[in-house]
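Asker: To start, I am sharing the structure in question, which I have written as structure tokens.
A short reminder: the numbers here are calculations on the coordinates, not readings from a lab. Bear in mind that the values here come from a model prediction, so they are computed numbers and not experimental data. Positions of Cβ are backbone-derived with ideal geometry, glycine not excepted, and every protein chain shown enters the neighbour counts.
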Amino acid sequence: MQQGDVLLQQTEDGGEITFAQGLVEMIGGLETSVYLSLFGGNEDDDGRIGNPQTWWGNIQETDPDFRYISETQYLTKALPPSSANLRRIEDAATRDLQWLINKRVASSIIVASSVVVRVTIPQLNIMQIQVTIEANGIESNFEFVENWKSL
């Protein structure tokens, strides 16, 4: 019996699952939740309430914390790649991950530094998103490298 979440690994064309000995690789941490928060849903969904481009799973969801909006993913397609837009991506990623604090998945000490997001441009048309989350006194670090799609 497998437990945990399916491990999604970031690739150039989206998330991929890995098989080991005929089984899907699973993980027990927050990595899959963080990945789906940033890159799940529909990349054409800009987060507006009632947007017809929203991911189909959001239509009946009544709790806003459980909707996949992934503003981060949307902005990688909507904004031109520039250092000036990094702050907007960081803010979007922070909003996409806010549910972790709202649902007390992250530290019960709710301060701005409970979820820290840093976005950089390590090479032309590529962004690197680094996320640090503290949950129950344990710090977890995640890193995602994503193509800037608005080209």
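Asker: In the chain, once you exclude exposed GluC sites (Glu not before Pro) (DSSP loop, at most 16 other Cβ within 10 angstrom), what's the longest stretch remaining?
Answerer: 62-151
Asker: From the P(r) of the chain, could you give the percentage of C-alpha pairs in the tail past 26 Å?
Answerer: 27 percent
Asker: In nm, what is the difference between 0.36 nm times the number of residues separating residue 102 and residue 141 and their Cα-Cα distance?
Answerer: Once the chain is fully extended between residue 102 and residue 141, it gains 12.1 nm.
Asker: Apply the membrane-span-like helix rule to the chain: whole DSSP H runs, Cα extent along the own long axis of at least 20 Å, mean Kyte-Doolittle hydropathy at least 0.0. List the helices found.
Answerer: None clear 20 Å together with a mean of 0.0.
Asker: Right, here's the next one. Where Lys and Arg each count +1 and Asp and Glu each count -1, what net charge lies around residue 24 among other residues with Cβ under 12 Å from its Cβ?
Answerer: Once positives and negatives cancel, what remains is -3.
Asker: What is the P(r) of region 1-56, as percent of Cα-Cα pairs per 5 Å bin from 0?
Answerer: Going out from 0 Å in 5 Å bins, region 1-56 shows 4, 17, 22, 19, 16, 12, 6, 3, 1 percent.
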